[in-house]
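Have a look at the structure below, then the notes.
The values are calculated or read from the model by the stated rules, or taken from the named source; none is laboratory data. Quick caveat: nothing in here was measured; it's all calculated off a predicted structure. Heads up, the Cβs are rebuilt from the backbone with ideal geometry, glycines too, and the neighbour counts pull from every protein chain shown.
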Amino acid sequence: MSREALDVKALRYLREGRLRVVLVDGASIAARVRGTDTEHVAGYERGGWYCDCEAHLHGRRCLHLAALQLVTAPPAQQARSPARRHSA
Ligand SMILES: [Zn+2]
């Protein structure tokens, strides 16, 4: 599956309300993504993304994380690029 097709599908998942973010804090993200017939648990914890689906298990970029990454940024990334102060 090409990356573009994955992103298009991820957008569709968002549009259809299949992604439900259940936790976002300074260190972790947790979400539930409704697939065709299974609900997957995906998120970010201790410096890495995780998902319980088959694709992710085999090291591929999965649709569930693609959808989640459209709406969240991992805490580490936020820390790496702190908001710059601009004088008004
Ligand atoms: Zn997945």
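Restricted to segment 47-68, and to residues there that are under 20 Å from Val22 (Cα atoms) and away from the ligand (no atom under 11 Å from the Cβ), the residue that is modelled with the lowest pLDDT is Gly47. The set of residues in segment 7-58 being aliphatic (A, V, I, L, M), crowded, with 18+ Cβ neighbours inside 10 Å and either over 14 Å from the mean Cα position of the chain (by Cα) or assigned to a helix (DSSP H, G or I) (or both) consists of Ala10 alone.
Of the set (1) of a type in the set (Ser, Thr, Tyr); (2) modelled with pLDDT of 95 or more; (3) assigned to a loop (DSSP other than H, G, I, E, B), all apply to Ser87 but (2). Within segment 34-46, restricting attention to residues that are touching a residue at least 24 places away in the same chain (Cβ under 8 Å) and under 14 Å from Thr72 (Cα atoms), the residue that is farthest from the ligand (Cβ to nearest atom) is Tyr44.
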